[in-house]
Protein chains: 2
Amino acid sequence: MAEAPGSLVWSLPEPPGGQQPNLSRDRIVRAALKIADAEGAPAATMRRVATALGSSTPMSLYRYVGSKDGLVDLMLDAACGEVSTPAPSGDWRADLRALALANWDMMQRHQWFAELVHTRPPLGPNALRLTDYGLGALSFLDPATAMTYLGMVNSLTIGTALQLAEELKMRRRVGLPTDDDLRAAVKPIHDEIVATGRYPNYNRWAADGGRFHNAAGFPLMLDILLDGLAARMP
Amino acid sequence: MAEAPGSLVWSLPEPPGGQQPNLSRDRIVRAALKIADAEGAPAATMRRVATALGSSTPMSLYRYVGSKDGLVDLMLDAACGEVSTPAPSGDWRADLRALALANWDMMQRHQWFAELVHTRPPLGPNALRLTDYGLGALSFLDPATAMTYLGMVNSLTIGTALQLAEELKMRRRVGLPTDDDLRAAVKPIHDEIVATGRYPNYNRWAADGGRFHNAAGFPLMLDILLDGLAARMP
DNA sequence: TACAGTGAGTGTACGTTGTACACGCGTCGG
DNA sequence: CCGACGCGTGTACAACGTACACTCACTGTA
């Protein structure tokens, strides 16, 4: 899992198998995405991916992805590759909004993304393309400020996606229940908390249904943040 | 690592050792915090904590914390316990701002917090106290909206802390270099990216020093977000 | 004083993870 | 025809979380 600083996957080029290889970066990453999409990030182990590709041993993958971290890097960047960056419109707010919404959509398709993206800096070509696009929309600011503002938008997007991912994880832990099943599973914990009576505001929220805006409300949250940014623009 | 849904640490009370125990939840959590503070979250393994307490086997801890997840829960909540919640002032913005800044200070002391908090919902007594306080500041809103806004503030705080924690992790991977050493270590990667010339805005940022506002700039970012929230208040 | 009971900590063992290393098979260039 | 090299396999190891059975030492009761 450890890795020398200069040895990111992007440094070592894909070994472009001269003879007929059964494997390739693309096939490996695709298989890993499929597993992670279906069963969550921790299910995408080296062994699991290898067997999904017909290889009897995880070691086959190491020629192509270098390490587990390398595979994760490639997975993250592949997901970023699904986010398109249309031509800049000249309206920073519209461009940033579109970028965030596209990112959000991608994270809904790949619920593991938000969990994994924190493990290392986003230096893949697609991640860089997105960062570059975001910085370009804010290029009238000094670079450090532009990066700061872009980071705020990303924090909001990833943070909100994480809350949803956590709910999904809990759901997986319980089984695969419906919304009502889930509520029933979490109820004893909440009830115990409510019973103490020590958290009146939390209780009020729980009594209200324990809901917060997430999927549906993300555009609204994004607009609120953009309002705050707009007020600071020169 | 798996856990039945109803068996959070908070459910099973601390076994209040009738006879003289060498161990206790408090001592265990305190030792784990110390290790995590000094060497990062992954260093705080069960074995490591056990030996730090003089126990020859990790199994000693299981009576007190139930599982590794239980220990993490307790660590997170202990960290939350360091954040104080003064009497509400009646000014939602001042209260929320103070809460976020206190949270931020805590996350600077415990850089592992932001990494670990995503692994499970914050249901410890101290985390609930903080959530309750934040909801109280926004109690003039309907509960779901209040939770949404509070979540935005927390996303920003944790997300920003995560960026710093990631830099720290990279620093640890390289050794324990100074700021200049770090810049030198990351330079080859950045140079390779810059050399492609494909990311002009990113390059401009890198040429500018590759900086973004984090520790120093967090209050500013927080104010921007609060501006956006204020514009939506009834 | 004797004895059962309980509670604290130990030791051993298992399954799973990532991955290092050495080996066999195949195809190609000389 | 034959060595070299690309490609995948098999075996093995350390570290992780943790289940299970166990040994002490102390305590309350008879």
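The values are calculated or read from the model by the stated rules, or taken from the named source; none is laboratory data. Since this is a predicted model, take the numbers as computed values, not measurements. No Cβ is skipped: glycine too gets one built from the backbone with ideal geometry, and neighbour counts run over all protein chains shown. Please note that ligands, DNA and RNA were not included when accessible areas were found on the heavy atoms of the full protein model with its side chains. Shrake-Rupley method; radii C 1.70, N 1.55, O 1.52, S 1.80 Å.
Checked against the criterion of being at pLDDT 70 or above, more than 16 Å from DNA strand D (Cβ to nearest atom), open to solvent by 30 Å² or more (accessible area, probe 1.4 Å) and under 28 Å from B:Ala185 (Cα atoms), the stretch A:6-13 has at least one qualifying residue.
Between B:Leu150, B:Leu168, B:Leu130, B:Leu162, the distinction of being over 27 Å from B:Trp10 (Cα atoms) and among the aliphatic types (A, V, I, L, M) belongs to B:Leu168 only. When B:Thr119, B:Thr51, B:Thr45, B:Thr57 are checked against the criterion of being surrounded by fewer than 18 Cβ atoms within 10 Å (Cβ to Cβ), within 16 Å of DNA strand D (Cβ to nearest atom) and not assigned by TED's automatic domain parsing to the domain that holds B:Asn22, a single residue qualifies: B:Thr119.
Considering the stretch B:25-64, and only residues there that are part of a loop (DSSP other than H, G, I, E, B) and farther than 20 Å from B:Met107 by Cα, the residue that is modelled with the highest pLDDT turns out to be B:Thr45.
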